[in-house]
Amino acid sequence: TFSLWDTFRAWNPLQTLVDTALVNDMIRSMLDMYDSTGELPIWPLASGETGTMIGYHAVSVIADAYLKGIRGYDADKALEAMIRSSNINKKGSDYYTAQGYIPSNIKRESVSCTLEYAYDDWCIAQVAKQLGHGEDAAMLEKASHNWRNVFDAETKLMRGRNRSGDFQRPFSPYKWGDAFTEGNAWHYTWSVFHDVEGLADAMGGKQEFVRMLDSVFVVPPIYDDSYYGVRIHEITEMQVADMGNYAHGNQPAQHMIYLYDYVGQPAKAQWWTREVMDRLYSSKPDGYCGDEDNGQTSAWYVFSAMGFYPVAPGTDEYALGSPLFKKVTINLENGNKMVIEAPDNDASKRYVESMKLNGKSYDKNYIKHGELLEGGTISFEMSDKPNTSRGTDES
């Protein structure tokens, strides 16, 4: 699935580390488009806004920048543009406002739309809170929980829901399209970037969350293409990857592996990030496992090779994975350097035995943006066996 979503969720957070001037320019350009069209861009071409794909993900760029201290633009105007774009860019908006979800018998891609609206509104709420707009923030925070309205507790998956309130029947988690945008329930169930703990609770707790996440890689790479009538290329790419129903070649699934961090299973995040880097990327002409899509598939690799990834732009946290190299140096825009060292790293050592930040033991499953900007050294001790005690405590 391609929209500016792909750029916004991955490429922009890279720039927040190394080129804030470019981020400011990008946001000012978006606000210029807002002045011209009355809304933030979704998928503009030279001829104008096309409205292609779903969501209004320019808001995630602005929220991520603002929350990370990048503010070379009119913040009040940006919030105004974000709220207006939220109000006018919802497909099936009348039903969404009344019922808290898009009915599947009213609009196609209903589940994907509902999930992405919930995340986008959460992003806007973060900026509204910072700017003192408490009423707007509260309204948007409430809307950010609308993902719950398309979560089916029986199957523990996201599922199309009709106007009557009943879930779609028959239901197959292998069915592509229909209620989903170029994907299926196995892919979009995890699109609750801003409330992973809430999703885990809805599934019955962290243990059940892990079981369901494991299942994505365990179920066979089968599919149902009856909605499209043909096998679209994203389906082929999932099958060729041969990782169950994990579809790394299609961007909505690419954050999924890092969710193991949120439920105390970082070793699984470490194993799978290295598995994807090793198996699905190469320097050959066919070195991508799917669409490059304006930089997202490369950005996932660059982040993951350094050992961390921005699961939820709009927060200041990067989920930790497994560094690929023995040494990486990030030359930060403020003049500092962050050196990431894993001197004993090799193909057989994909697990993090221990980690230190500037010489002090570090047991969290994430690192904060501000910690990276301060520069220094991140030191990894790698192992060929998982450390089942590191990063597993609630704290």
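Applying 1/(1 + (r/R0)^6) with R0 = 41 Å to the Cβ-Cβ distance of Asn105 and Thr37 gives a FRET efficiency near 0.85. Counting only protein heavy atoms and a probe of 1.4 Å, the accessible surface of the chain is 48% carbon and sulfur. Once C-alpha pairs closer than 8 Å and six or more residues apart are averaged by separation and normalised to the residue number of region 19-81, the relative contact order reads 37 percent.
Between Arg28 and Asp201, the C-beta separation translates, for a Förster distance of 51 Å, into a calculated FRET efficiency of about 0.80.
Mean separation of Cα pairs under 8 Å and 6 or more residues apart, divided by the residue count, gives the chain a relative contact order of 14 percent. Here the Karplus relation 6.51 cos²θ - 1.76 cosθ + 1.60, evaluated at θ = phi - 60°, turns the backbone of region 223-229 into coupling constants of 7, 10, 9, 4, 5, 7, x Hz, with x for every Gly and Pro. Comparing Gly100, Gly321, Gly229 in a Gaussian network model of the chain where C-alpha atoms under 10 Å apart are linked, the largest mean-square fluctuation is found at Gly229. One decimal place: the segment Glu80-Ser282 gains 68.4 nm when fully extended, by the rule 0.36 nm per residue minus the C-alpha distance. Pairs Lys284/Lys326; Lys156/Lys268; Lys156/Lys284: which exceed 32 Å Cα-Cα? Going by Cα-Cα distance, Lys156/Lys284 fall outside the 32 Å limit. In this label model, Tyr227 and Glu374 are separated by 4.6 nm, measuring between points 7 Å along each Cα→Cβ vector. Rolling a 1.4 angstrom probe over the protein heavy atoms with all chains in place gives the chain an accessible area of 40 Å² per residue. The calculated FRET efficiency for the pair Asp166 and Asn87, based on their C-beta separation and a Förster distance of 35 Å, comes to about 0.80.
Assuming a ≥ b ≥ c are the square roots of the Cα gyration tensor eigenvalues, decide whether region 248-395 counts as rounded (a/c under 1.5), prolate (otherwise, with a/b larger than b/c) or oblate. Here region 248-395 falls in the rounded category. Amide hydrogen proximity for Met158: with H placed 1.01 Å from N in the peptide plane, the residues at 5 or more positions away or on another chain lying under 5 Å are Asp152, Thr189. Within the chain, the proportion of C-alpha pairs whose separation exceeds 26 Å stands at 52%.
The values are calculated or read from the model by the stated rules, or taken from the named source; none is laboratory data. Not measured: the values here are computed from a predicted model. Virtual Cβ from ideal backbone geometry, glycine too; neighbours counted across all protein chains shown. SASA here: full protein model, heavy atoms, side chains in, ligands and nucleic acids out. Shrake-Rupley method; radii C 1.70, N 1.55, O 1.52, S 1.80 Å.
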